[in-house]
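Notes for the one structure printed next.
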Amino acid sequence: MKTFLTFLEETTRRIILMGGPGSGKSTYAEYITKRFSIPHIYPGGMLRKEVEKGSEIGKQVADIISTGQFVPNEIVLKLIKDKVDQSPTGYVLDGWPRYMTQVRDMEEANIGYDKVIFLDVSREEILKRLLARGRADDTKEIINNRIDLYNRETGPAVEHFRDKPGFVEIKAEGGTIEDNANKIIKAIEDGN
């Protein structure tokens, strides 16, 4: 007979979603959160909400965000830790941790995970997707710079998780969004 704790461990879905710019993290996070009824934890969105609410954190970070700078790790970590602590059945961490400093912060704060889903998308596909959006800041040069920065900054974090249990690499191009979402959900459900 299973104990409640065993049942909870088997049904908890704590997922880190990683991938470069244009890999579809937020899109796939929506599918995962809907399928497993868990919250989508997206630090950028959380920070913007704090600014809109005019909270203490919002007041601290408003100027930082408006000038395009990075919000200090300790502020982001506090928001994430609070949200994780309110989510006993799991969560999807969208694009966090992004750097090895954040990986260490996460480990020190005892923020656990069951799966790390890495969305593998080629440079050519990223360029195609982001150029198709038609945004003024989506030029080929800027996109290539963002990809290079991602590889430099986030590459070590991806490699850190690659060697740990629960790492799953999904080729997130070709096929439909639904096909790729189903591959991700199957990987989460299968425990592979």
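The values are calculated or read from the model by the stated rules, or taken from the named source; none is laboratory data. In this text, all values refer to a predicted model and were calculated from it rather than measured experimentally. Every residue, glycine among them, receives a Cβ derived from its backbone with ideal geometry; neighbour counts consider all protein chains shown. These area figures cover heavy atoms from the full protein model, side chains too; ligands, DNA and RNA do not enter into them. Shrake-Rupley method; radii C 1.70, N 1.55, O 1.52, S 1.80 Å.
Data table
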read-out: Isotropic mean projected area of the C-alpha convex hull, segment 1-110 (nm²); value: 8.2
read-out: Pairs from Lys34/Lys59; Lys115/Lys140; Lys49/Lys81; Lys49/Lys128; Lys140/Lys186; Lys78/Lys140 whose Cα-Cα separation, in the structure shown, is over 25 Å; value: Lys34/Lys59; Lys115/Lys140; Lys49/Lys128; Lys140/Lys186; Lys78/Lys140
read-out: Rough spin-label spacing in nm, given labels placed 7 Å along Cα→Cβ, for His160 and Asp82; value: 2.4
read-out: GNM flexibility winner over the chain from Ser87, Ser37, Ser66 (Cα, springs under 10 Å); value: Ser66
read-out: Dipole in debye (nearest 20) - segment 41-116, about Cα centre, beta carbon charges: Lys, Arg +1; Asp, Glu -1; value: 160
read-out: Accessible area of segment 107-192 belonging to carbon and sulfur atoms, whole % at 1.4 Å probe; value: 49
read-out: Candidate residues Thr101, Thr67, Thr33: accessible-area rank, largest first, probe 1.4 Å; value: Thr67, Thr101, Thr33
read-out: Gaussian network model of the chain, springs between alpha carbon atoms under 10 Å - residue of Asp138, Asp63, Asp94 with greatest fluctuation; value: Asp63
read-out: Segment 151-192 - accessible surface per residue (Å², probe 1.4 Å); value: 57
read-out: Positive-end residue, the chain charge dipole about Cα centroid, Cβ charges, pick of His160, Leu77, Thr176; value: Thr176
read-out: Extent along principal axes [Cα atoms of the chain; Å; largest to smallest]; value: 59, 44, 28
read-out: Principal axis dimensions, segment 45-157 - Cα atoms, whole angstrom, descending; value: 39, 34, 24
